[in-house]
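Okay, so here's the structure we're looking at.
The values are calculated or read from the model by the stated rules, or taken from the named source; none is laboratory data. In this text the structure is predicted, and so the values were computed from the model without any measurement. Glycine gets a Cβ as well: all are built from the backbone with ideal geometry, and neighbour counts include every protein chain shown.
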Amino acid sequence: MGRRIRKLVSGLVFVGLVGGAAFWWLTKPAPWPADHWEGLGEPDLVNGEKIFWAGGCVSCHAKRGSEGDARLVLAGGPPLKSPFGTFHAPNISPDETAGIGAWTLAEFGNAMTRGVGRNGEHLYPSFPYASYIRMAPKDVNDLWGYMKTLPKASDVAPGHELPFPYSMRLALGGWKLLFLTDTPRVAIDAADPKLTRGQYLVEGPGHCGECHTPRNALGGFEPGQWLAGAPNPEGEGRIPNITSGSKSIGGWSASDIASYLETGFTPEFDSVGGSMVEVQKNMAKLTAADREAIAAYLKAIPTL
Amino acid sequence: MKIRALMLAAALAGLGVTAVTAADEPQAVRQALMKKVGQAAGALGGIAKGEKPYDAEIVKVSLTTISETVKVFPDHFPTGSETGSETEASPKIWENMDDFKAKAAKLGSDTDAVLAQLPADQAGVGAAMGILGKDCGSCHETYRLKKN
């Protein structure tokens, strides 16, 4: 009898260890192999700046209410409230100690596209690496080159304020296993370069889905609801549906959408509002061709 | 001719009266005021985009409408009008009334500055729209809530 129980217990311990090891192995932080970031050459700073605006870094990493050149000081931004707790975007200025100036391209690139921090830890997906994972290594290299030209800041952001269990970074490996993927969000005509460019900008650097797509209880996107609109994580109001089925923009033409992204005015000459104000300021800095590509993509995705 | 004009005026006045009696609660008044600003911005935007020809008179009238409207706009947010009538006003207005008023005043003074040096062509109207549009956005960023 005693022997049987001992056998059962050791069996359970064994299963637990194997399960734990399997979980750890399946969910450990997974940077790219080193050669992913090699041979990219000198960064193209002009493209780097475009990617910088497309990526919207300023909206979370510059101080609230910054205008003009102050928006380029990425000292750490306003708190980002979510159903999981409050996130504080860190200082990503090129300051060597307070910011990320001492990082290598590989460290920066793995944070951006794999959600792996400099010390090999999982990063929280409030940092939209689940979108940035689609970014081309060349664009990351150009962006990194451009960001190193920006002013340094010495501010140190507070840590995230997250209740248990969201405070466990280890669990983020499980989140990644479930939700981190670089497959396209929707199928579009891959032969149309305008659409593929729009898809790249919207699904990748632009990370539009992070706010415009509804999430399940675990913080992953609801399947089949790409850009269908979602509750405003910061409180009242809604983040609108931006597919052709949208009550607010479904009737807009592609050029209406491009014009809104450029000027902040709707076709009825209402103005941009809410957190989209920051986004529109960034979109205004893209090329007209890129805004048109975004608009064409939004008209091409499934109507919801 | 004169009779037709009179009849038209009477009809318009009648419309105005019904609009006012049906809509004298602050939520409706301020919605109507914003609509007026939007229409004026639309007239300017049509010129800026080149969809309508440049017309100095339209530019002047539109800017004047924006200036006058936005100056009285913040007067229509009394306590008790925080909700109802599909208001898109954010509760933050009542928490930061001074800042809200300052943002409205900034659109007013920026519009007056544009009026003082009336834009002389399509490009000038476009540049003015850039300035005024930023004011619209900076207030709507915090103080307007979209419900859908």
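Here are a few things to note about the model shown:
- Boolean, A:ALA130 is outside any loop (DSSP other than H, G, I, E, B) and under 17 Å from A:ALA171 (Cα atoms): yes
- The set of residues in segment B:132-146 that are under 17 Å from B:THR69 (Cβ atoms) and either more than 7 Å from every other protein chain (Cβ to nearest Cβ) or not in a helix (DSSP H, G or I) (or both) comprises B:LEU132, B:ASP135, B:CYS139, B:TYR143, B:ARG144.
- Summed over segment A:37-65, the residues that are over 19 Å from A:ALA98 (Cβ atoms) and part of a loop (DSSP other than H, G, I, E, B) give a count of 9.
- Residue in segment A:153-175 that is assigned by TED's automatic domain parsing to the domain that holds A:GLY76, in a helix (DSSP H, G or I), buried (at least 16 other Cβ atoms within 10 Å of the Cβ) and touching a Gly at 6+ places or on another chain (Cβ under 9 Å) present: yes
- Restricting A:GLY245, A:GLY237 to residues that are out of contact with any Lys or Arg (no Cβ under 9 Å at 6 or more places or on another chain), farther than 23 Å from A:THR287 by Cβ and within 14 Å of chain B (Cβ to nearest Cβ) narrows the list to A:GLY245.
- Residue in segment B:58-71 that is in contact with a strand residue (DSSP E or B) (Cβ under 8 Å, 6 or more places away or on another chain) and either assigned to a loop (DSSP other than H, G, I, E, B) or away from chain A (no Cβ under 14 Å) (or both) present: no
- Of B:GLY80, B:GLY38, B:GLY46, all but one fail to be outside any helix (DSSP H, G or I) and among the small types (Gly, Ala, Ser); the exception is B:GLY80.
- Check on A:GLY209, surrounded by 16 or more Cβ atoms within 10 Å (Cβ to Cβ) and more than 27 Å from B:LYS49 (Cβ to Cβ): yes
The rows are residues; the columns are (1) at pLDDT 95 or above; (2) under 17 Å from the mean Cα position of the chain (by Cα); (3) closer than 27 Å to A:GLY274 by Cβ.
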residue	(1), (2), (3)
A:LEU8	no, no, no
A:PHE14	no, no, no
A:ALA21	no, no, no
A:LEU26	no, no, no
A:CYS57	yes, yes, yes
A:HIS61	yes, yes, yes
A:SER66	no, no, yes
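- Against the test of being more than 14 Å from chain A (Cβ to nearest Cβ) and on the phi > 0 side of the Ramachandran plot, the options B:GLY80, B:GLY124, B:GLY50 yield a single qualifying residue, B:GLY80.
- Residue within segment A:71-80 that is more than 18 Å from the chain's Cα centre (by Cα), modelled with pLDDT of 95 or more and within 22 Å of A:HIS160 (Cβ to Cβ) present: yes
- Residues located in segment A:273-287, provided they are modelled with pLDDT under 95, part of a loop (DSSP other than H, G, I, E, B) and in contact with a Gly (Cβ under 8 Å, 6 or more places away or on another chain): A:GLY273, A:GLY274
- From the list A:LEU172, A:LEU218, A:LEU178, A:LEU227, the lone residue that is more than 30 Å from B:TYR143 (Cα to Cα) and in contact with a His (Cβ under 7 Å, 6 or more places away or on another chain) is A:LEU172.
- Among all positions in segment A:235-258, there is at least one residue which is part of a loop (DSSP other than H, G, I, E, B), more than 26 Å from B:VAL37 (Cα to Cα) and at pLDDT below 95.
- Of all residues in segment B:49-76, those being buried (at least 17 other Cβ atoms within 10 Å of the Cβ) and either touching a Lys or Arg at 6+ places or on another chain (Cβ under 7 Å) or under 17 Å from B:ALA113 (Cβ atoms) (or both) number 11.
- Matching residues in segment A:255-294 - criterion: being among the hydroxyl-bearing types (Ser, Thr, Tyr) and at the interface with chain B (Cβ under 7 Å from one of its Cβ atoms): A:THR263, A:SER271
- Scope segment A:66-83; condition farther than 16 Å from A:GLN280 by Cβ and assigned to a loop (DSSP other than H, G, I, E, B); matching residues: A:VAL73, A:LEU74, A:ALA75, A:GLY76, A:GLY77, A:PRO78, A:PRO79, A:PRO83
- Selection count where residues are within 14 Å of chain B (Cβ to nearest Cβ) and on the phi < 0 side of the Ramachandran plot, scope segment A:215-232: 4
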